[in-house]
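After the structure tokens below, expect a handful of questions from me.
The values are calculated or read from the model by the stated rules, or taken from the named source; none is laboratory data. Everything quoted here is computed from the prediction, not taken from an experiment. A quick note on method: Cβ atoms are made from the backbone with ideal geometry, for glycine too, and the neighbour counts reach across all protein chains shown. Remember, those area values only see protein heavy atoms, side chains included, never the ligands or the DNA or RNA. Shrake-Rupley method; radii C 1.70, N 1.55, O 1.52, S 1.80 Å.
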Amino acid sequence: DRQTLVAVLQFLRRSNLRESEEILRREARLFGDDLGAATLSPTGTGLLGAAGGDADTAAGEALLSRVTAAATMAIGGSAATVASSSPGVSAAAAVPPGKGVVEDQPDVSAVLSAYNQQGDPTLYEEYYSGLKHFIECSLDCHRAELSQLFYPLFVHMYLELVYNQHESEAKSFFERFHGDQECYYQDDLRVLSSLTKKEHMKGNETMLDFRTSKFVLRISRDSYQLLKRHLQEKQNNQIWNIVQEHLYIDIFDGMPRSKQQIDAMVGSLAGEAKREANKAKVFFGLLKEPEFDLPLDDEDEEGENEEGKPKKKKPKKDSAGSKSKKQDPNAPPQNRIPLPELKDSDKLDKVMNMKEAARRVRLGPECLPSICFYTFLNAYQGLTAVDITDDSSMIVGGFADSTVRVWSVTPKKLRSVKTAADLSLIDKESDDVLERIMDEKTASELKILYGHSGPVYGTSFSPDRNYLLSCSEDGTVRLWSLQTFTCLVGYKGHNYPVWDTQFSPYGYYFVSGGHDRVARLWATDHYQPLRIFAGHLADVTCTRFHPNSNYIATGSADRTVRLWDVLNGNCVRIFTGHKGPIHSLAFSPNGRFLATGATDGRVLLWDIGHGLMVGELKGHTDTIYALRFSRDGEILASGSMDNTVRLWDAVKAFEDLETDDFTTATGHINLPENSQDLLLGTYMTKSTPVVHLHFTRRNLLLAAGAYSSQ
């Protein structure tokens, strides 16, 4: 076949294998002039020589591909990549790139015009199956890496056909190859299958995401060279153009990754994270606790026994205080972001906290926590969010009927402050003034807060228990006073539903994330956001502050988790690996690790400092809505829609991690095959999905959810 011969001769010439070229030419009786005529059509005379020596540069490649394309046309080859005037190609195909359709909005048209393709639509299936055959026949070590190309190429080739109005070819292309894609892309493919006409593409978000963000593939240099050589030999410019135009290939030196290593990391809307994205320094250490001297014997049980007792308590206080005197080398500077001053009431609370901590149960595989489950019965309003105060005294529920309900879970009832007229009568100097300002007539176990005009999707108590945040489908975040049980502020910034909100561990700041794909950082006394964290390609579904309050983690429906720096708003980590939208996040108490849970039923564990996945906990069979580390970080609890709470051995999961430079550079992570040896226990509820988990200061695990009768 003359055409194949010509291609081989060209390849030999490019590789400077003159002798082989001569021998083959003699045997095929193709002499110099014939070859020149065959490979260089009149439009390309003499270009090949110029490009040959320079074939590695992009310009050379483009030149070469243009020449070879012209050549195959001149020979009458069917693989013409230049739009020929055969009846199968519509005139639209011959529009040069960049001359997009004018009636689009400017940004969309720029994005879409890249799809003015120069290929014969009838050959797309051939191109794709050719590449598929090549990859499936390549060596095992390269096959796993190159298989990552299937999905992005499939999407772009399909969209290119649709954009150029080859609807029937697009349909048959989709039907023939969509079954080959990995199972975790099913939801995306469902959206894609509904885009069957050029008009559908204009306002479509998924479409725009896919187009504007380059899909990232991480491939070893050997596999990449193999692919490049194949595409150039086959002169498969259609695919090569897509690779160059729409994919970002992050090439690393070293061994190719195994199928298992790749599967652990892929699955997000835009492929993997570039390695550069996780290189920035992150201060994951904890801030130094402020020192203050307060007697610990105030309302101690033994306080009234005898004079000697309280004095014995003193040394304990010092040991608790001295533990945090040494500055953590990985901690951010104390004043890196301004944090609110401690009030006297905060100091009292810290003292209470230390007392409770002294009675805390040390958890571990031998000593599992008791679990107390708060079931919301008859919650026909639809329970959509839960939070519990740090001291476990109050619990709040957000409901689909737009109400927020606060319960006291201690014998102490919830009371409002008296009216202004009554307050003026109180003696402000008296010792129990804080008690006197409360109105006993208002005491009740439950307070209902009205104000939202849509389901309440997130709730969060402030650390000092004076305020409560709630966010809703109505696009607002509301701040409520727990002194008066009224709404103080409505923060309007999101124009769409707000899915989650959380107070900083130091109070004052809070974060919200919503359907508009951004997370916003607010301060309670500003009605505009202080920072806007933009970068996710789909809804921001959950938000969490790092224990040192300098960073915020956001989980999204684009199946990635991002870590943002509060100081400058930069994204400092991108974690990919989940195969579904992320619905829960939890930082370990020491600030080094992050646990994430998603609709795929997996809990993934991340080392924040190195930017690496270090563990995968499999066991849940449905979305994980709640994750929480015990107070000392020994146990990770996860709660799911599968009506179970599971306890995992966090110490074992994080010990002897391989975080050497090679692993961090290439992402060759070796996860243990089996996470069952980390599972310490599974606890079924009575058909109650678990919405929230909370460890009390003494390490009792509280869980909450609404009973569902189906």
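Among the residues of the range 485-499, is any touching a residue at least 60 places away in the same chain (Cβ under 8 Å) and more than 17 Å from the chain's Cα centre (by Cα)?
Step one: of the range 485-499, the residues touching a residue at least 60 places away in the same chain (Cβ under 8 Å) are 485.
Imposing the further condition that a residue be more than 17 Å from the chain's Cα centre (by Cα) reduces the set to 485.
Checked against the condition, which is being touching a residue at least 60 places away in the same chain (Cβ under 8 Å) and more than 17 Å from the chain's Cα centre (by Cα), the range 485-499 yields at least one hit.
I've got another one for you. Take the range 669-688 and flag every residue that is over 22 Å from Glu655 (Cα atoms) and either of a type in the set (Lys, Arg) or at pLDDT 90 or above (or both). Before the answer, list the steps.
Within the range 669-688, the first condition is being over 22 Å from Glu655 (Cα atoms), and the residues that meet it are 682-688.
The answer is Thr682, Tyr683, Met684, Thr685, Lys686, Thr688.
I would also like to ask the following. Being open to solvent by 30 Å² or more (accessible area, probe 1.4 Å) and hydrophobic (A, V, I, L, M, F, W, C) narrows it down to one residue among Leu617, Leu567, Leu605; which is it? Please lay out each step first, then the result.
Values: Leu617 fails: open to solvent by 30 Å² or more (accessible area, probe 1.4 Å); Leu605 fails: open to solvent by 30 Å² or more (accessible area, probe 1.4 Å).
Being open to solvent by 30 Å² or more (accessible area, probe 1.4 Å) and hydrophobic (A, V, I, L, M, F, W, C) holds for just one of Leu617, Leu567, Leu605, which is Leu567.
Which numbered condition trips up Leu195, out of (1) modelled with pLDDT of 85 or more; (2) not in a helix (DSSP H, G or I)?
Failed condition: (1).
Within the range 572-579, is even one residue within 23 Å of Phe695 (Cβ to Cβ), touching a residue at least 24 places away in the same chain (Cβ under 8 Å) and either outside any loop (DSSP other than H, G, I, E, B) or not charged (D, E, K, R) (or both)?
In the first step, residues of the range 572-579 are kept if they are within 23 Å of Phe695 (Cβ to Cβ); the result is none.
Scanning the range 572-579, I find no residue that is within 23 Å of Phe695 (Cβ to Cβ), touching a residue at least 24 places away in the same chain (Cβ under 8 Å) and either outside any loop (DSSP other than H, G, I, E, B) or not charged (D, E, K, R) (or both), so the answer is no.
Among the residues of the range 385-409, count how many are aliphatic (A, V, I, L, M) and either in the same structural domain as His694 (by the TED database) or open to solvent by 30 Å² or more (accessible area, probe 1.4 Å) (or both).
Qualifying residue count, the range 385-409: 2.
Determine, yes or no, whether Gly577 is within 12 Å of the chain's Cα centre (by Cα) and over 24 Å from Val456 (Cβ atoms).
For Gly577, the condition - within 12 Å of the chain's Cα centre (by Cα) and over 24 Å from Val456 (Cβ atoms) - is met.
Any residue that is modelled with pLDDT under 85 and either surrounded by fewer than 18 Cβ atoms within 10 Å (Cβ to Cβ) or part of a loop (DSSP other than H, G, I, E, B) (or both) - is there at least one of those in the range 646-655?
For the range 646-655, residues modelled with pLDDT under 85 and either surrounded by fewer than 18 Cβ atoms within 10 Å (Cβ to Cβ) or part of a loop (DSSP other than H, G, I, E, B) (or both): present.
Let me ask something else about it. Counting only residues that are under 19 Å from Leu231 (Cα atoms), modelled with pLDDT under 80 and open to solvent by less than 50 Å² (accessible area, probe 1.4 Å), give me the helices (runs of 4 or more DSSP H) lying completely in the range 1-54 with at least 2 of them.
On the way: elements: 2-14, 18-27, 32-39, 47-52.
Fully inside the range 1-54 and qualifying: 47-52.
Okay, moving on. Against the conditions (1) closer than 22 Å to Ser138 by Cα; (2) at pLDDT 80 or above, where does Phe283 fall short? Just the number, please.
Condition (1) is where Phe283 drops out.
Can you pull out the residues in the range 616-631 that are within 12 Å of Leu647 (Cβ to Cβ) and either assigned to a strand (DSSP E or B) or within 16 Å of the chain's Cα centre (by Cα) (or both)?
Result: Leu617, Leu627, Arg628, Phe629.
Then there is this: Examine the range 296-309 for a residue that is modelled with pLDDT under 50 and basic (Lys, Arg), and state whether such a residue exists.
yes
Just give me the residues in the range 488-531 being open to solvent by 70 Å² or more (accessible area, probe 1.4 Å) and of a type in the set (Asp, Glu), in sequence order.
Asp525
Every residue in the range 575-593 that is open to solvent by less than 30 Å² (accessible area, probe 1.4 Å) and in contact with a Lys or Arg (Cβ under 8 Å, 6 or more places away or on another chain), please. Lay out the reasoning, then the answer.
Of the range 575-593, the ones open to solvent by less than 30 Å² (accessible area, probe 1.4 Å) are 575-578, 580, 582, 584-588, 591, 593.
Scanning the range 575-593 gives Phe575, Thr576, His578, Gly580, Ile582, Leu585, Ala586, Phe587.
Could you grab me the full set of residues in the range 248-271 that are closer than 15 Å to Glu616 by Cβ and of a type in the set (A, V, I, L, M, F, W, C)?
Ile262, Ala264, Met265, Val266
In the set Arg544, Arg559, Arg592, Arg602, which member is of a type in the set (Lys, Arg) and at pLDDT 95 or above?
Working: Arg559 fails: at pLDDT 95 or above; Arg592 fails: at pLDDT 95 or above; Arg602 fails: at pLDDT 95 or above.
Residue meeting the stated conditions: Arg544.
Out of Lys355, Lys412, Lys347, which single residue is free of Cβ contacts under 8 Å to residues at least 40 places away in the same chain, among the charged types (D, E, K, R) and either open to solvent by 20 Å² or more (accessible area, probe 1.4 Å) or not in a strand (DSSP E or B) (or both)?
Details: Lys355 fails: free of Cβ contacts under 8 Å to residues at least 40 places away in the same chain; Lys347 fails: free of Cβ contacts under 8 Å to residues at least 40 places away in the same chain.
Exactly one residue qualifies, and that residue is Lys412.
So Ser481 clears everything in (1) more than 30 Å from Gly591 (Cβ to Cβ); (2) without any contact (Cβ under 8 Å) to a residue 24 or more places away in the chain; (3) exposed (fewer than 15 other Cβ atoms within 10 Å of the Cβ) except one condition, right? Which one?
(3)
May I pose another question? Quick one: in the range 358-384, which of the residues that are part of a loop (DSSP other than H, G, I, E, B) and hydroxyl-bearing (Ser, Thr, Tyr) is surrounded by the fewest Cβ atoms within 10 Å (Cβ to Cβ)? Before the answer, list the steps.
Of the residues in the range 358-384, the ones part of a loop (DSSP other than H, G, I, E, B) are 359-363, 365-366, 368-370, 377-382.
In the following step, the residues that additionally are hydroxyl-bearing (Ser, Thr, Tyr) were identified as 370, 380.
Details: Ser370: 9, Tyr380: 11.
This residue is Ser370.
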